[in-house]
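> Below are the structure tokens for one structure; questions will follow.
The values are calculated or read from the model by the stated rules, or taken from the named source; none is laboratory data. Owing to the predicted nature of the structure, the values given are computational and were not obtained by experimental measurement. Note that each Cβ is placed from the backbone with ideal geometry, even for glycine, and that neighbours are counted across all protein chains shown. Each accessible area value is taken on the protein alone, full model and side chains, heavy atoms only, with ligands, DNA and RNA left out. Shrake-Rupley method; radii C 1.70, N 1.55, O 1.52, S 1.80 Å.
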Amino acid sequence: MTKITSGTKVDRRTVLAVLGSAGAGLVTLASPPVSGWGTDDDTLKTILPNFTEKSRKMLSALTNVHGYSGEIPAARAEELMDLEGKSSNELMLGLLPLARTYARPPISKFLVGGVAKGVSGNLYFGANVEFADLSLGYTVHSEQAALANAYMHSDAGITAIAVTAVPCGHCRQFMSDLSVDGQMEILVEGKPPAKLSSLLPMRFGPQDMGLKDGAFPVREVDLALANVTSDELLQASLEAARKSYARYTGAPSGIALATKAAHIYKGSYIEIAAFNPSLSPLQIALVGLILAGEDYSAISRAVLTEVNGAKISQKGGSEALLAVIAPRVRLETSSAYRK
């Protein structure tokens, strides 16, 4: 993991400067941030020194597109494997330094990356996201971010995930609802691949709550807005709520963020059998915003849609988080009902 000194604004420019000047080792911030939000060829050469120039150019072209969603399509992943002479597992581990450039750790200063592989063959980036001035419960771990990214892309499931360190217990519990059979493969550099079932052999999961399956494949809940509207952002929040996985509380919810650049980022609630590792819609939407290269300051609107009379609500937590990262943005709420 890479370390940043305190007193530094942690955004992608800062992270790229750290990784671009010191590679993958344990370092402190010593150089000014690079300009721009993307990953240019020179920076990629330092971050991924063992990749060929052709592979780096492909990755630069993929990740520098505005609106990029943190995904490498299966066909491109196959091309990269051929160009590098790497297996799928080796490629995922090799891409971890790039995944870490999306980290936002203002508290720990540690950059953690994750790369998940979907049943589709697509690869999904993720990184740790922390929020100063809030409880640590708002933190998104890199494994959670990568898996949530795959979920928001509606992949059919996850076959493997590469991480920069062995997953903590919190993440293993989160994985239990996304790999009910425990067959998800965990990849860590320098260690043999391991199945989730071996890392968490006596896990509490969906079966203990009377369910036969988990979050994958993604299923939509049949919801409609209480009030008809043509508001695009409100409609996007409804779409996110429909896609949420909330089978334990029966409280689907979704959020949509609009930015000054007219981009929309959606987040669907992902609920876990043990409750605490669950991810709120706003946390997931922020992962998407970060992967697309935008900053919290770009948020102009936020709309949360929840079901009337639900047992739990995301409103309070979302308002608290927005108040810290985008204090000028007021959370708008909308009610939905089951058809």
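> Could you tell me the calculated FRET efficiency between Ser300 and Glu78, based on Cβ-Cβ distance and R0 = 45 angstrom, to the nearest 0.05?
Rounded to the nearest 0.05, the efficiency is 0.70.
> Moving on. With contacts defined as alpha carbon pairs under 8 Å and 6 or more residues apart, what's the relative contact order of the chain in percent?
The value is 13 percent.
> Compute the relative contact order of region 92-195 as a whole-number percentage, counting only Cα pairs closer than 8 Å that sit 6 or more residues apart in sequence.
25
> Right, here's the next one. Taking each pair of different alpha-carbon atoms in region 174-278 once, compute 1/r for the pair, average those values, and report the inverse of that mean as the Kirkwood hydrodynamic radius in Å to one decimal.
Computed over Cα pairs of region 174-278, the Kirkwood hydrodynamic radius comes out at 15.7 Å.
> Please compute the modelled spin-label separation between Val119 and Arg219, points set 7 Å along Cα→Cβ, answer in nm with one decimal.
Rounded to a tenth, the inter-label distance reads 1.3 nm.
> While we're looking at this one, here's another question. Which three lengths, in whole Å and largest first, does region 132-182 cover when its Cα atoms are put on their principal axes?
36, 23, 19
> Next question. Which order, highest average first, do 64-71, 300-307 follow once you tally other Cβ atoms within 10 Å for each residue and take the mean per peptide?
The densest-packed peptide leads the list: 300-307, 64-71.
> Further, regarding this structure: Might you tell me the accessible area per residue for region 171-258, computed with a 1.4 Å probe and given in Å²?
Normalised by residue count, the accessible surface of region 171-258 is 45 Å².
> In whole Å, what are the Cα extents of region 44-108 along the three principal axes, biggest one first?
39, 24, 20
> Share of region 53-183's accessible area from carbon and sulfur, percent, 1.4 Å?
For region 53-183, the apolar C and S fraction of the accessible surface comes to 54 percent.
> Work out the P(r) tail for region 226-339: percent of alpha carbon pairs separated by more than 24 Å, whole number.
Summing the P(r) of region 226-339 above 24 Å gives 18 percent of all pairs.
> Need the list of aspartates and glutamates near Lys109 for cross-linking: C-alpha distance under 14 angstrom, and skip anything on the same chain fewer than eight residues off.
Asp11, Glu130
> Take Ala61 and Asn89, extend 7 Å from each Cα along the Cα→Cβ direction, and tell me the distance between the two endpoints in nm.
Each label point is offset 7 Å from its Cα along the Cβ direction, giving 3.1 nm.
> What are the ³J(HN,Hα) couplings of region 318-329, residue after residue, when phi is run through the Karplus curve with 6.51, -1.76, 1.60 and θ = phi - 60°? Round to Hz, x for glycine and proline.
Along region 318-329, the couplings run 5, 5, 5, 5, 4, 4, 8, 8, 8, x, 8, 9 Hz.
> Taking one equal scatterer on every alpha-carbon of the chain, how large is log10 of I(q)/I(0) by Debye at q = 0.06, 0.15, 0.16 1/Å?
-0.19, -1.28, -1.44
> Determine the gain in length on full extension of the stretch Lys260-His153; use 0.36 nm per residue of separation and subtract their C-alpha separation, reporting nm with one decimal.
Between Lys260 and His153, full extension yields 36.2 nm more.
> Given only helices, namely DSSP H runs of n ≥ 4 each adding -39500 (n - 2.57), what is the per-residue ellipticity at 222 nm of the chain, to the nearest 500 deg cm²/dmol?
-9000 deg cm²/dmol
> A follow-up question, please. Modelled label-to-label distance, Asn227 and Ser108, 7 Å Cα→beta-carbon offset: nm?
Output for this residue pair reads 4.2 nm.
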